[in-house]
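The values are calculated or read from the model by the stated rules, or taken from the named source; none is laboratory data. Keep in mind that what you see is a predicted model, and the values were worked out from it rather than measured. Cβ sites come from the backbone with ideal geometry, for glycine too, and all protein chains shown count toward neighbours. SASA here: full protein model, heavy atoms, side chains in, ligands and nucleic acids out. Shrake-Rupley method; radii C 1.70, N 1.55, O 1.52, S 1.80 Å.
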Amino acid sequence: MSRSSSTPAPSVSGRPDVGAPGTGVFVVAGRSLDPATGEAAFTYRLGDDEFTERLTLDPVLLGGEVDADRLDAALDLVHLVMGTSYYKLAAPGRVVVERPVTAAQLAVAQAAYTDGLGEFAAVNRLPVPHRVAFDAEVRPAGPVPPAGTRGALLPVGGGKDSALALVVVPDGTALAINPTGAQRDVARAAGVPLVEVRRRLDPLLAGRTAQGGLNGHVPVTAINSAIAALVAVLGGHSPVVFANERSADEETLTVEGVSVNHQYSKSHAFERLFTAAAAELGTGYFSLTRQLSELATVAAVAALPLRTDILSCNRSYTQRHVGGQAEQRWCLHCDKCLFTFLVFAVFLTPAEAEEVFGGNPLADPSLADGFRRLWATEKPFDCVGERAESAAAMAHLAASRSWGEAPVVRLLGAEAAAAAEVTGATVAGFLPPRGEHGIPPRYLESLQRVLAGARSAVD
């Protein structure tokens, strides 16, 4: 075995205790799983504080025979990536991993704590790229175990992307982490069984954040990928199928020439790293929609009956919503709502769009700047599509009879057309699949059949 390390970030002017070498260490400590209760616990140390995050697993996952080495490796993967939520309180620049890990697992962790925390670093004025030194014992990977035989596992968020995956892979099982009504609704509409897992952050995290700890975006898809791999091992599933589109590869902004990507853990670069780690567990891992633009995905979903069951608004996934104290609905003001409405409008009439979303933000001139940000040099820190894609969508609406008189379209149509013209972007150009992917042939064939029934753009 060997130990791996790298050089941490230099100190930050005016903030010598944040991300500076030698000012602290984050420890990925112990973890456990109680097979009787289905509770997994993951412990971390930062300075004098100890944090323990807990997962409560669906009872359907318990009681079966699971290879101990596979289970250990899956727990290690969750333990590594989940730690980003606690590391970010001080971003000390050094991570010590107490358990030996494989090179593939360490590569996933390094990506999660560096590029996966790029937005966090930029927002908190830390050096970009964010660099982290890992002190970890690297062990060899064991023999590749046989793949699970119970079909695909599909993590769902309740939005258009996971809805498409549920239709393309109808014999799969959906996975909801901290499930809400929206996730249950879309799984029910697709007729797919649902497995649920609950995450409980250590309450000390909120306390330390309130006392001045650093806060910001963590690579949620990386965390969900690791939890999904653990569920796949326990439940005998393979592959784990996400629905992350091509647009996840586009940076949100650049800082002194360095790309910062809100969606890094949805990118193809991260997918390749995680695929290697998942393979050591005997679990396949890929994105079903890697070759698709957001427009191509929406064209397919717009033709499906369950389009009225989707929900992609991040504001509807707060703790109050998860706990059932607030009703989940499209807010129609956040960046993700505006983008999603814009691309659906390309394939739906105004009446159809209002049925799906419960309103029409293109009728509200006060939202013009929100739509304009979608093709700005610095995109919103949210899961929105490519700049050229947004501009092409608005330009298409401006030229259409269905949407041309909408107040926001009238305000922004010419501007969007000019922006789209710079790259030659058109709606039609975004519809064909392109680019690298890791989709197995049988899933690719099923996807192509569903895409063949996609809606045409409105006139």
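For this structure, a couple of remarks:
- Global dimensions of the stretch 308-427 from alpha-carbon coordinates: Rg and Dmax equal 14.3, 47 Å.
- When the alpha carbon gyration tensor of the stretch 239-309 is reduced to an equivalent ellipsoid, the three semi-axes, largest first, read 24, 21, 8 Å.
- Shape box of the chain [Cα atoms, principal axes, largest first, Å]: 65, 54, 42
- For the listed peptides 450-458, 241-249, 51-59, a ranking on the average number of other beta carbons within 10 Å per residue, highest first, reads 241-249, 51-59, 450-458.
- Residue 436-residue 259 FRET efficiency (beta carbon distance; Förster radius 22 Å; 0.05 resolution): 0.75
- Taking 7 Å steps out from each Cα toward its Cβ at residue 211 and residue 459 produces label points 6.6 nm apart.
- Relative to the Cα centre, the charge distribution of the chain, modelled as +1 at Lys and Arg Cβ and -1 at Asp and Glu Cβ, gives a dipole magnitude of about 80 debye.
- Residues of type lysines that residue 336 reaches as a straight line, Cα spacing below 21 Å, ignoring anything fewer than 8 places off in the same chain: 160, 266, 379
- Each Cα pair under 8 Å and six or more residues apart adds its separation to the average, and for the chain the resulting relative contact order is 15 percent.
- In the context of the full set of protein chains, residues of the chain present 39 Å² of accessible surface per residue (probe radius 1.4 Å, heavy atoms only).
- Spatially proximal aspartates and glutamates relative to residue 88 (Cα-Cα < 16 Å; intrachain offsets below 8 disregarded): 17, 48, 49, 50, 53, 115, 119, 202
- In terms of packing, defined here as the mean over residues of other Cβ atoms within 10 angstrom, the peptides 189-201, 68-80 line up highest first as 68-80, 189-201.
- As a fraction of the 1.4 Å probe accessible area of the chain, surface on carbon and sulfur atoms comes out at 51 percent.
- Each residue of the stretch 194-241 gets 93 Å³ once the volume of the Cα convex hull is shared out per residue.
- Cα shape, the stretch 97-227, gyration tensor, a/c 1.5 rule: oblate
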